[in-house]
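Have a look at the structure below, then the notes.
The values are calculated or read from the model by the stated rules, or taken from the named source; none is laboratory data. Remember, predicted model here, so these are calculated numbers, not experimental data. Neighbour counts are summed over all protein chains in view; Cβ atoms, including those assigned to glycine, are modelled from backbone coordinates with ideal geometry. Note: accessible area is taken over every heavy atom of the protein model, side chains too, but ligands, DNA and RNA are not part of it. Shrake-Rupley method; radii C 1.70, N 1.55, O 1.52, S 1.80 Å.
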Amino acid sequence: MPRYAITTFGCQMNVHDSERMHDVLRRAGYAEAGDPDEADVLVLNTCSVREKAEQKLRSEVGRLARWKRERPDRVLVVAGCVAQQEGERLLKQMRAIDMVVGPDNIPELPGLLGDLALGGLPIARTVFDTEAPRFLAASPPQGASGRAPTAFVTIMKGCDERCSFCVVPYTRGPERYRPSDEIVAEIAGLVAAGTREVTLLGQTVNSYRDPLGALPAAPGASPDDPDESEFAALLRRIAADVPGLARLRYTSPHPRHLTPSLILAHAELAVLPRHVHLPVQSGSDRVLRRMIRRYTRAEYVARTRALAAAVPGLSLSTDIIVGFPGETEDDFAATLSLVREVGFKGLFGFKYSRRPHTPALRLADDVPEDVKGARLSRLFEESEALLSAHLQGLVGTTQEVLVEGRDKERGHGGHGGALWSGRTGRHEIAHVEGAEELDLLGEIVEVAVVRANKHSLQAELTEAARAAARPRQRGGEEPGRPARRALPVLSAEGG
Ligand code: SAH
Ligand code: F3S
């Protein structure tokens, strides 16, 4: 049986696409290699959102040239956004690459590999499926222990916004939506197989419209509002049709579509947790206009205030770009003041990076690199302080944690075993101490917060939760890491 390995760079969408590639390859008779260096087929699922991410591919291919030389029958596949962006050019530039496949061409992967095995020439396949969009469903989750408590479900792909800095509309194509029946069926299947939490995925996830036209209008939806979508209607249908689902998250929404119908859904649906990741990019109206974000600072603040009023205890996280062309000290000060005003509890910060095919290429990249770096550091100082105060304020409270897996560092808990860890409803990371002997995977447990770490909480089970928990079976399989990378918010990161 030929063996394959997949290396993933970039966002949740890529993590999810890699899961689909695993499915497609396994079904075609490939087996996953334990060590990527041992694989017959190696897939690099790439990211091109910033230049640094694209460089990662180039250095990885450089490293793999030797791997290829050792056994020329090995196949190196480049998938993802750099594949879509560069297409055939990659084959010419880097001879070690045998195949380039775009995000919409994952189902064709086994066929293309078959052609290569028969002596076919290196090939690039990067065609958008605009006519008949395909959404590959997940096969039931398989963590190391057979139970994956969390899963991603794609509801739309592509992006019709034209944020002037962003290459995604070019690499992922126009917006295409998945039929609501398929979405509900996939989530119901996941929940039946043990999934507790689903994260709906899309580039502008809340611009969703049902191509079947099968959703009744959501309460509060205004047909005259150009920003109205059917996202709230979809959330309501999922909540009604899959009552066993414990938590329903989504990423990433666009502030433009945070309409009253979505705010009302948050107020009324218990399945929606009290955390939303809502990219803002900048706090300066001048910069927002030049970024073509299509909202003002005041609109962003008003909408998030309305959401916070509807959801007591809500926490927000965001994405911010520093050093966008023309960003002055005053513009950046406006961003810092917005971070304080909204009180983000998590933040991804990035230095502006010029990307091919983007409207902002027409603007001079005029903020010097060291100024970008200094602004990013100040931004992180601000957000770290907010997060730290927030986590500190939770010490002594009780929280409900969905247990996703066990921490890597063994012995870290003082009991010789790895700690269970998971997320609160607000998405704070929580490590659960003193429960190593219990089986908590996939459980939503009540914990008392005993300490705040830099980016997470340290907690213990409450008496009631301990009494209700199952002991771990001896000799059973270790659950290991969560089967997916968690939505990486409520931390300050980026670069
Ligand atoms: N809508 C997408 C956003 C994709 S890009 C989503 O679902 O997440 C993710 C983040 O990368 C953006 O929010 C933005 O903050 C950042 N980003 C995008 N293009 C960038 C660029 N050219 N330079 C720096 N950061 C960028
Ligand atoms: Fe990119 Fe803006 Fe779409 S950030 S993915 S163009 S909403």
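When ARG209 is tested against (1) open to solvent by less than 40 Å² (accessible area, probe 1.4 Å); (2) away from ligand 1 (no atom under 16 Å from the Cβ), just one condition goes unmet, and that condition is (1).
Quick check: is even one residue across segment 248-257 away from ligand 2 (no atom under 16 Å from the Cβ) and either under 24 Å from the mean Cα position of the chain (by Cα) or within 27 Å of LEU376 (Cα to Cα) (or both)? Scanning segment 248-257 turns up at least one residue that is away from ligand 2 (no atom under 16 Å from the Cβ) and either under 24 Å from the mean Cα position of the chain (by Cα) or within 27 Å of LEU376 (Cα to Cα) (or both).
Based on what the data block shows, is ASP227 acidic (Asp, Glu) and within 16 Å of ligand 1 (Cβ to nearest atom)? So ASP227 fits the description; yes. Take ASP17 and decide whether it is in contact with a helix residue (DSSP H, G or I) (Cβ under 9 Å, 6 or more places away or on another chain), among the charged types (D, E, K, R) and closer than 25 Å to LEU200 by Cβ. Here the answer is yes, as ASP17 does meet what is asked.
Looking at segment 301-326 only, could you name the residues that are part of a helix (DSSP H, G or I) and not small (Gly, Ala, Ser)? Within segment 301-326, VAL301, ARG303, THR304, ARG305, LEU307 qualify. Checked against the criteria, VAL287 counts as of a type outside the set (Lys, Arg), within 15 Å of ligand 1 (Cβ to nearest atom) and at negative phi. Count of segment 108-120 residues, restricted to those that are assigned to a helix (DSSP H, G or I) and either open to solvent by 50 Å² or more (accessible area, probe 1.4 Å) or in contact with an Asp or Glu (Cβ under 8 Å, 6 or more places away or on another chain) (or both), is 3.
Among residues of segment 58-78 that are in contact (Cβ under 8 Å) with a residue 24 or more places away in the chain and assigned to a strand (DSSP E or B), those with a Cβ under 7 angstrom from a residue that is crowded, with 18+ Cβ neighbours inside 10 Å and polar (S, T, N, Q), sequence gap 6+ or separate chain, pair up as VAL78/THR46. Against the condition of a type outside the set (Phe, Trp, Tyr), away from ligand 2 (no atom under 16 Å from the Cβ) and free of Cβ contacts under 8 Å to residues at least 12 places away in the same chain, how does PRO216 come out, does it pass? So PRO216 fails the test. A Cβ distance below 8 Å, combined with a sequence gap of six or more or placement on separate chains, defines the contacts here; from segment 348-371, residues that are on the phi > 0 side of the Ramachandran plot reach residues that are open to solvent by 50 Å² or more (accessible area, probe 1.4 Å) and within 14 Å of ligand 2 (Cβ to nearest atom) in the pairs HIS357/TYR170. For segment 18-42, a tally of residues being within 20 Å of the chain's Cα centre (by Cα) and open to solvent by less than 20 Å² (accessible area, probe 1.4 Å) returns 4.
Elements of the type strands (runs of 3 or more DSSP E) sitting completely within segment 121-206 and holding at least 3 residues that are open to solvent by less than 20 Å² (accessible area, probe 1.4 Å) and of a type in the set (A, V, I, L, M): these cover 197-201. Within segment 285-300, work out how many residues are farther than 12 Å from ARG256 by Cα, open to solvent by less than 50 Å² (accessible area, probe 1.4 Å) and assigned to a helix (DSSP H, G or I). The number of residues fulfilling the criteria is 2. Residue by residue through segment 72-100, note down the ones that are open to solvent by less than 70 Å² (accessible area, probe 1.4 Å) and among the basic types (Lys, Arg). Residue satisfying the conditions is ARG74 alone.
Does ARG293 satisfy the condition of being farther than 30 Å from GLN399 by Cβ, in contact with a helix residue (DSSP H, G or I) (Cβ under 9 Å, 6 or more places away or on another chain), more than 16 Å from ligand 1 (Cβ to nearest atom) and at pLDDT 95 or above? No. Taken together, the residues in segment 219-241 that are within 16 Å of ligand 2 (Cβ to nearest atom) and surrounded by 24 or more Cβ atoms within 10 Å (Cβ to Cβ) amount to 2. Within segment 250-276, the set of residues being open to solvent by 10 Å² or more (accessible area, probe 1.4 Å), within 16 Å of ligand 1 (Cβ to nearest atom) and touching a strand residue (DSSP E or B) at 6+ places or on another chain (Cβ under 8 Å) comprises TYR250, SER252, HIS275. Candidates are the residues of segment 360-373 that are within 12 Å of ligand 1 (Cβ to nearest atom) and surrounded by 15 or more Cβ atoms within 10 Å (Cβ to Cβ); the one that is nearest to MET291 (Cα to Cα) is ALA360.
Answer yes if at least one residue in segment 138-150 is touching a residue at least 60 places away in the same chain (Cβ under 8 Å), closer than 30 Å to SER229 by Cα, in contact with a Phe, Trp or Tyr (Cβ under 9 Å, 6 or more places away or on another chain) and not assigned by TED's automatic domain parsing to the domain that holds LEU245, and no otherwise. Yes: segment 138-150 contains one or more residues that are touching a residue at least 60 places away in the same chain (Cβ under 8 Å), closer than 30 Å to SER229 by Cα, in contact with a Phe, Trp or Tyr (Cβ under 9 Å, 6 or more places away or on another chain) and not assigned by TED's automatic domain parsing to the domain that holds LEU245.
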